[in-house]
1. When Lys and Arg each count +1 and Asp and Glu each count -1, what net charge do the other residues less than 12 Å away from Arg11, Cβ to Cβ, add up to?
2. Please give the net charge around Thr267, taking every other residue with its beta carbon less than 15 angstrom from that of Thr267, where Lys and Arg add +1 and Asp and Glu add -1.
3. With a 10 Å Cβ neighbour count serving as the proxy for reagent exposure, in which order, fewest first, do His206, His154, His84, His130 appear?
4. Lysines within cross-link reach of Lys354: Cα-Cα under 25 Å, excluding same-chain residues under 8 positions apart?
5. Per 0.36 nm of contour for each residue apart, how much would the distance between Ser42 and Gln95 grow if the chain were fully extended, relative to their Cα-Cα spacing?
6. If the limit is 25 Å between Cα atoms, which of Lys96/Lys193; Lys60/Lys85; Lys251/Lys279 go over it?
7. If you stretched the chain out fully between Asp254 and Arg334, how much longer would it get, using 0.36 nm times the residue separation minus the C-alpha to C-alpha distance?
8. Mean separation of Cα pairs under 8 Å and 6+ residues apart, divided by the residue count of the chain: what relative contact order is that in percent?
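Just so it is clear, none of the values below were taken in a lab; they were calculated from the coordinates. Predicted, not measured: the structure shown is a model, and the values here were computed from it. Using ideal geometry, Cβ is built from the backbone for each residue, glycine included, and neighbour counts are taken over all protein chains shown.
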Amino acid sequence: MEAIENFLSKRKEQGLLRYLRPVSFRKNSRVIIDNKEYFDFSSNDYLGLSGHPEIIESAKIALDAFGSGSGASRLMSGSFSLHHKLEEATADFKQKESALVFNSGYQANIGIISALFGKGDCVFSDRLNHASIIDGIILSGARMFRFRHNDIGHLKELLRKERKIFKNSLIITESVFSMEGDTAPLKEIVALKERYDCQIMLDEAHATGIYGENGSGLAEEDGVLDKVDLIMGTFSKALGGFGAYLASSKKITDYLINACRSFIYSTALPPAVIASNLKAIELVKKEPWRRKELLEKAWFFRSALKEKGLDVRGSSQIVPLVIGKTQRTLEAARFLQEKGFYLLAVRYPTVPEKEARLRFSLSLYHDKETLERLINAILQVGI
Ligand SMILES: *Cc1c(COP(=O)(O)O)cnc(C)c1O
């Protein structure tokens, strides 16, 4: 118990203690937290789909028809025809033979990686990959090699030196990185995968719904869908729902149904959630103006800050503004919160110690006037 107390008091001293704040209202990028209303710049509901009337209606119909829960795991009686329909729609969306729905992105990553790879195999992982990817690799028992973020030269060097002595090999990267807001060089990674006889797994959590002609993600945008063996992503971000998917060959999904522990030993997602996800895929395909407008807003916001000489990173709907010191970053976040903008100060250990930053998640519902007011407020912080 003493160790826990020490941990908590140390975190507090360093300004690193995290705590939860109840949200009493959230709609169209407005939130009320502790009785104060903010413009929300911390949500991943980029396209505002969680409030889309057609999605809400689909969920209500499924809720009335099937009840609140699915009642069992997929291998028992929890595999509703809705789940199968969502898997068909996802496979079609990703132009893959097959797809499997998972209960969350975290469960998907730890389950998929640990079921497909093990002792004697190796995984080459971008240094900034999400915690769920790292946990999946650790759980698998495969040897992990981390390459510098988006550094193709470093990946190639590691492949040349290490690939040979291992049996199966995987290269794994996110397509849009959640703390940098930048995108992976997929074409170059695909070329290396072929040359060094590896499989490639892509985590499209932040790209699904945003990139590509049909909105399926960065692999579609870069024209490499057929080259990526394992495409994972979530329904919980731009699609406004919950859960995750893997799109791949039928052989792989058949295997996972039989071997993936996080898929097998967990209750299936509720039918209402599945119905929302299905509708969201349909809407993303049908309403490309949403992603176009979102990316235009992000471009406007990022360029305005860049012009003022600020250290803004990335190229997507996620706009990180690097400040450096943890305390200064926390003060800046507090100042902006007082001005009515809710956003996160991202600090160690999520990002390197000297790169604390403000992370702005743009949404379709941020209008230009709000963005201009936010830019002015940022300039007042005096970074
Ligand atoms: C959010 C996220 C996940 C986890 O997805 P959940 O559905 O929230 O569990 C996995 N990978 C990446 C890159 C993410 O950003």
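1. Around Arg11, the charge tally is +2.
2. So the environment of Thr267 carries a net charge of +2.
3. Ordered from fewest to most neighbouring Cβ atoms within 10 Å, His206, His154, His84, His130 come out as His84, His154, His130, His206.
4. Correct list for Lys354: Lys10, Lys12, Lys306, Lys308, Lys325.
5. 16.0 nm
6. Table pairs above 25 Å Cα-Cα are Lys251/Lys279.
7. Contour length minus the Cα-Cα distance gives 23.9 nm.
8. Contact order relative to length: 22 percent.
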